[in-house]
Amino acid sequence: MTDQAPAAALDGPDIPGKPTSASRTTLSHIMTHNDTNLLGTVHGGVIMKLVDDAAGAVAGRHSGGPAVTASMDEMAFLEPVRVGDLVHVKAQVNWTGRTSMEVGVRVLAERWNESAPATQVGSAYLVFAAVDADGKPRRVPPVVPETERDERRYQEAQIRRTHRLSRRRAIMALREKRAAEGFDA
Ligand SMILES: CC(C)(COP(=O)(O)OP(=O)(O)OC[C@H]1O[C@@H](n2cnc3c(N)ncnc32)[C@H](O)[C@@H]1OP(=O)(O)O)[C@@H](O)C(=O)NCCC(=O)NCCS
């Protein structure tokens, strides 16, 4: 994870931008008994798989080709999901770098036994890297926020990006320092 993608992947003319709505995606799924944990509610990993699937579809649509999950962070589970609930996983590109995209995901549940509107039960932010046939990062079109909400999400994603990079740099620096001091061999 670097500030800059490798030069070879960055050559060429500017890529035209794509609006957020061009790749926004919703996946919907009814939860079954196969999805439960020992408490009888839906296993967090089942929701994470749906989140990764929806975000991957968005990343593929936006970048126009294969994209791999580089990281998933701030996965929040706000309310339990139950068998019979109709879960909607809504994903959109929040921000784009040169070869990576942050995808924001909201998870909503329509309770099978209530007539209330869908409740938000989770959220997550994932970074996807667009890759070529050799698995090397390739450039992505810049995302063009269309609404004030898209613009806010873009700016918040930039903050998360800065924090991811600085946290990684700090950890790498600590590891190098400890290795130089003869620790962790
Ligand atoms: C993600 C991957 C392609 C990055 O390759 P790399 O050689 O490290 O390339 P780079 O360092 O240039 O990173 C490419 C982009 O991804 C971003 N990135 C890489 N690792 C990241 C991480 N852990 N978190 C957030 N962003 C990350 C970089 O910042 C860069 O973005 P930018 O071009 O927009 O600035 C590579 O690590 C990989 O293939 N990982 C496995 C992915 C996979 O298989 N996922 C499925 C789970 S099994």
Where MET75 falls short, out of the listed (1) part of a strand (DSSP E or B); (2) near the ligand (Cβ under 10 Å from one of its atoms); (3) touching a Gly at 6+ places or on another chain (Cβ under 9 Å); (4) of a type outside the set (Val, Ile, Thr) | (2)
Selection status of ALA157, over 30 Å from THR41 (Cα atoms), in contact with a strand residue (DSSP E or B) (Cβ under 8 Å, 6 or more places away or on another chain), hydrophobic (A, V, I, L, M, F, W, C) and within 15 Å of the ligand (Cβ to nearest atom) | yes
Filter the stretch 78-110 down to the residues that are of a type in the set (Lys, Arg) and not in a strand (DSSP E or B), then identify the one that is nearest to the ligand (Cβ to nearest atom).
-> ARG98
Would you please list the contacts, defined by Cβ atoms under 7 Å and residues six or more apart or on different chains, that run from a residue in the stretch 59-85 that is over 21 Å from THR96 (Cβ atoms) to a residue that is surrounded by 15 or more Cβ atoms within 10 Å (Cβ to Cβ) and among the charged types (D, E, K, R)?
-> ASP85/GLU110; ASP85/ARG111
If only one of GLU146, GLU151 is over 30 Å from LEU38 (Cβ atoms), loosely packed, with under 14 Cβ neighbours inside 10 Å and either touching a residue at least 40 places away in the same chain (Cβ under 8 Å) or within 16 Å of the ligand (Cβ to nearest atom) (or both), which one is it?
-> GLU146
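Every number in this text was worked out from the coordinates using simple rules, so none of it is lab data. As the structure is a prediction and not an experimental result, all values here were calculated from the model. Heads up, the Cβs are rebuilt from the backbone with ideal geometry, glycines too, and the neighbour counts pull from every protein chain shown.
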